[in-house]
Amino acid sequence: MIRTNQVRALVVAVVFGFGGAETLFGQATTGDLDGNHEVSLSDVSDFVGCLTGPNDPSNDPLCMAGFFDDDNDVDLRDVAAFQNRFGFGVGPPRIDLFWPTPGMWIVDDIGLTHVQVGFTEPVVVPNDAVRVWVVSRLGIDGGDVTGFATDYDTEGFVLTVTFAEPLLEDRVTVILDYLIEDLAGSPLDGEIYQPSSAALPSGNGINGGQGVFRINVLQGDANRDGMTDASDLDLINGLLGLCTSDTGFDPNADLNSDGCIDSVDASIVSDAVGRQLPATDGSSPTIIDIRVSPVVFSVLQVTFSEVIATQQIEAHSCFLIDSNGTVVVPAVVGTSAFGTSAVYTLPSEFPACSGYSINISNAIADFSGELLPSPVEENCP
């Protein structure tokens with residue numbers, strides 16, 4: 001991917017500049033003034049109508065959804081919280097470009113040498129904000145790929161991650177953490193809802209969220225079935241001689257992306273026959289329970305439908321957000337004896353969980369490498 005120096009246009013929506021909609025699983029949500037279970041532009045006019053000023057409570061019960069600071073009125077302090085919590089105006093930084101293009105497989109004879117990530121605004125990228133792991137290493141050395149270099153282009157807002165050696169025949173997971181912040185200190189709004197075919201820009205309009213991408217790398221896999229065999233060679237041979245301008249051209253069969261399907265592509269397949277991606281169990285883990293103490297809490301326990309890859313889980317895969325948009329990150333994470341639960345310990349005790357949302361990243365995988373299908377956000381139980 002090449003990103004040229006360009007002017008970034010910031011499109012600010014009418015009134016408050018709302019950039020998206022926030023849905024919180026059908027429960028009563030601060031900011032949802034029209035009761036349709038999401039916070040969107042339709043709530044802005046209702047919110048303005050609820051502005052009564054300090055110490056002047058509204059008689060409209062729907063205005064209670066505008067009480068961000070719980071003082072029973074809707075005033076300028078609530079306006080500030082409304083803007084911060086739901087990403088009004090510029091909002092938190094997001095991922096808006098990724099290479100390899102989401103959904104693209106690497107099928108040439110070189111492998112995955114690097115990835116590039118573009119952001120919607122200037123960001124600061126700490127050294128530990130990028131993690132890469134591969135399925136073939138699970139259970140051996142934790143799955144992590146180490147020794148990669150990072151380079152951030154401050155003009156194009158593009159981060160390049162270059163691997164020490166090309167990654168071959170693997171399911172590669174790239175995680176961009178919300179340690180990445182914009183120049184105002186707002187953490188990355190990074191949620192990716194389908195890591196293998198990500199829709200961009202990332203996020204849900206709220207501070208926080210890990211960007212999770214899955215890239216399949218397998219030389220010669222023209223039909224993208226996870227193995228290189230005679231069927232791939234048949235596909236190439238049936239399209240030999242076709243180029244991009246020809247009817248019937250299939251870009252998947254152009255393994256080296258030079259614009260034509262030729263003997264070079266056939267050779268790439270022939271040299272790789274018998275290779276395949278690491279097998280997974282084909283079933284993504286799901287969350288079946290989230291528990292916190294009903295009064296003062298410092299621990300969250302998340303239970304999954306199956307055993308998870310305990311060596312892959314990290315504290316940042318869970319975080320809380322309060323009604324002001326403040327992100328609370330656990331200090332440590334552990335797992336249950338059977339590996340089906342993650343136990344997150346917060347840096348201190350907090351009052352009743354009311355007013356927080358719990359966010360779980362889809363960077364979590366089962367023992368075979370299948371990722372949680374999407375990030376999860378729920379109001380505190």
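The values are calculated or read from the model by the stated rules, or taken from the named source; none is laboratory data. This is a predicted model, so every value here is computed, not measured. With ideal geometry, Cβ positions are generated from the backbone for all residues, glycine too; neighbour counts draw on all protein chains shown. Side chains are part of the model used for accessible areas, which takes the heavy atoms of the whole protein and leaves out ligands, DNA and RNA. Shrake-Rupley method; radii C 1.70, N 1.55, O 1.52, S 1.80 Å.
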Of 142-155, 198-211, 108-121, ordering from highest average Cβ density within 10 Å down gives 198-211, 108-121, 142-155
Order GLU377, GLU349, most accessible first, counting only protein heavy atoms with a 1.4 angstrom probe.
GLU349, GLU377
Can you figure out the FRET efficiency of ASP289 with ALA352, using R₀ = 25 Å and their beta-carbon distance, to the nearest 0.05?
0.85
Calculated FRET value between ASP271 and ASP246, using beta carbons and R₀ = 25 Å, to 0.05:
0.50
Cubic angstrom per residue, convex hull over Cα atoms of region 272-381:
113 Å³
Residues of region 90-105 with the amide nitrogen closer than 17 Å to a label point 7 Å from the Cα of ASP153, along Cα-to-Cβ, please.
95-102
Taking the Cα centre of region 141-288 as origin, work out the dipole magnitude from +1 charges on Lys and Arg Cβ and -1 charges on Asp and Glu Cβ, in debye rounded to 20.
340 debye
The FRET efficiency for ALA199 and HIS114, from their Cβ-Cβ distance with R0 = 25 Å and rounded to 0.05, is 0.65
For region 115-194: accessible area per residue (Å², 1.4 Å):
41 Å²
